[in-house]
Ligand SMILES: Cc1cc2nc3c(=O)[nH]c(=O)nc-3n(C[C@H](O)[C@H](O)[C@H](O)COP(=O)(O)OP(=O)(O)OC[C@H]3O[C@@H](n4cnc5c(N)ncnc54)[C@H](O)[C@@H]3O)c2cc1C
């Protein structure tokens, strides 16, 4: 028999990043929202705490509770371990629950919400600082405004449209986000003294960046997003009735007249294409429209007229296969439920026109492959598999682009080959020292929460540049042992499967632009909150006390514990140091019988504490990882009130 070589177990000695990284919802969120914190608070009925936690790092907490892309849920442990297979904790919808009790949608004085912010400065600032100009009132620009106004800067936001909000107002369909709520969240930021100037585009023929410089603005923030869409380039694409999807959405959302017919073809398979699809499906029902309780924000009659003409059939032509569609599964399913028909693996090759130059059909071919051997987008099509769809409207939703007009008078600002502005990824500063770029125009088309995070980083960098001070993130973490006798996960933490918030029935939706999704009931919210696996709670072993009896290994329901000889583990320099300090010699000098290592796959622990409860020598404890961080000026000495783990 030949000797088989056994791969060593790769292990990591826990440090502050390890313990924090286990709390996937928080580390997965670009603004590091303590989602675990507010989910547990809701489960325990502490709704005000829940709101304060959710609002602390996010000036758009209420909006995010409705439509955040929710990277926290992608990282949620509950979606990955074997308690059930129903998915992660419904974190985004639980945020909505918290904001509906204490957010802008409920409070009488919007400033109350500003007090929950953990951004530096004050909810009641004295505006005596330098002048800052922000181009674009989307979430990225308004977040910079929020963070800098709190510090006393005099902030002016120049917005091209008649409404603030960027894609919240112009892109996201009305049936997904209540505009009244959006306006309240923006109004809260304006309460800080931010000067928001609507209908004020920056760029030719009006106000330019050089004008702003001459006006004494010390920092200029470009937050103008990717508001344009790419056009089709196939023959016939100039036909009447071929529209850019993102512009169609903007026109519908802002109540402008739009030409659509009854047979619509949407091209594209991303989330924006699904928004275009679902928007084009909706037909008018006046009672639904009447629920938009701030009609002054919309030209209601125009919307009604538009809706009267919107689509009855909607075919979606998607280059990718169903499984590889970039859109979220939820959005695809909703579009299908609402009546859309998908044509996967198809690319448009021609638009056919009628005698008046109007689109009458779209011709597509089957996609054999989209990407070539070198990884480039290089579609190969099957000439024998042609599909012609009769239609009167084509909505092209293939990618977003930047309108560079705002750069009038600025010649040297560097751009990237991806069509964004080149930035320093840490500070968001551009190649022009007094100009920063945030949000989609700096990052490419992403999520609201990415744009918000970029605004926060830029605000810090601008403050540093203008004050000459440098800040560093001071982090502290420590373990708080929990009394094992009384320790338990919340009763029934494993009793509930994931539920989605209630929705209007699909059959009723095409009749209106009513909001599709409702809030959880209090009972449902608390039950969903109980599903949290409390990833900050850890199983900690005291090696000095352990007698290697193995009872913990036998009882673990997830089989995540293992004892192996000390020679069978491998890791980084921290592991080497740990082993040498314990045994007095390097690992290479040890024999298998010299020692045993207890291994645990912490990512799969369900924190049942059975291991700790069965241990005959009490060498296992359940300990909560407590963490805090704070920006401190570099010259300030560290506080030492908390033990520092790393
Ligand atoms: C249809 C659609 C739906 C989406 N849905 C979601 C979702 O559900 N969840 C999610 O997380 N993300 C979603 N996104 C992504 C999200 O909208 C963006 O990532 C986010 O809006 C980027 O914010 P921003 O502030 O960088 O830019 P924007 O929101 O695009 O705001 C830019 C602002 O700048 C203004 N502006 C542009 N040029 C000028 C100028 N020259 N002068 C003055 N003002 C100017 C624009 O009018 C606009 O108000 C969606 C995007 C689209 C297009």
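Just so you know, all these numbers are worked out from the coordinates, no wet-lab data involved. Note that this is a predicted model, so its numbers are computed, not measured. Here Cβ is always computed from backbone atoms with ideal geometry, including for glycine, and neighbour counts include all displayed protein chains.
Rounded to the nearest 10 degrees, what's the angle between the helix 179-190 long axis and the longest principal axis of the chain, both from Cα atoms, 0 to 90?
Approximately 70 degrees, to the nearest ten.
For all pairs of alpha-carbon atoms in region 395-552, what percent lies in each bin of width 5 Å, listed from the first bin to the last filled one?
1, 6, 9, 9, 9, 9, 9, 11, 12, 11, 7, 4, 2, 1, 0, 0
Taking 0.36 nm per residue of sequence separation and subtracting the Cα-Cα distance, how much length would be gained by fully extending the chain between residue 581 and residue 355, in nm to one decimal?
72.8 nm
What share of all Cα pairs of region 557-617, in percent, falls into each consecutive 5 Å distance bin?
All Cα pairs considered, the percentages come to 4, 15, 23, 20, 13, 16, 8, 1.
Sorted from fewest to most neighbouring beta carbons within 10 Å, what does the list 415, 92 look like?
Going from least to most buried by this count: 415, 92.
Expressed as an acute angle from 0 to 90° and rounded to the nearest 10, what is the orientation of the C-alpha long axis of helix 448-467 relative to the principal long axis of the chain?
Rounded to the nearest ten degrees, it is 80.
For the chain, what is the relative contact order in percent, using Cα pairs closer than 8 Å and at least 6 residues apart in sequence?
About 17 percent, as a whole number.
May I ask for the Kirkwood hydrodynamic radius of the chain, worked out over all distinct Cα pairs and given in angstroms to one decimal?
Averaging 1/r across every pair of different Cα atoms and inverting gives 27.5 Å.
Mind sorting 72, 546 by how few other Cβ atoms lie within 10 Å of their own Cβ, fewest first? Numbers along the way, then the final one.
Values: 72 27, 546 16.
In order of increasing Cβ crowding within 10 Å: 546, 72.
Return one number: the angle in degrees, 0 to 90 and rounded to the nearest 10, between the long axis of the Cα atoms of helix 91-102 and the longest principal axis of the Cα atoms of the chain.
80 degrees
Any number yet on Rg/Rh for region 522-643, C-alpha, Kirkwood?
1.07
Scale the Cα Rg of region 109-222 by the rule-of-thumb value 2.2 N^0.38 Å and send over the ratio, two decimals.
Details: Rg = 14.2 Å, N = 114, 2.2 N^0.38 = 13.3 Å.
Dividing the Cα Rg of region 109-222 by 2.2 N^0.38 Å gives 1.06.
When 248, 518 are ordered from fewest to most other Cβ atoms inside 10 Å of their Cβ, what list results?
Ordered by Cβ neighbours within 10 Å, fewest first: 518, 248.
Students often check this: by mean Cβ neighbours within 10 Å, which of 458-471, 390-403 ranks highest, and how do the rest follow?
On the way: 458-471: 18.4, 390-403: 21.4.
Listed from highest to lowest mean packing, they are 390-403, 458-471.
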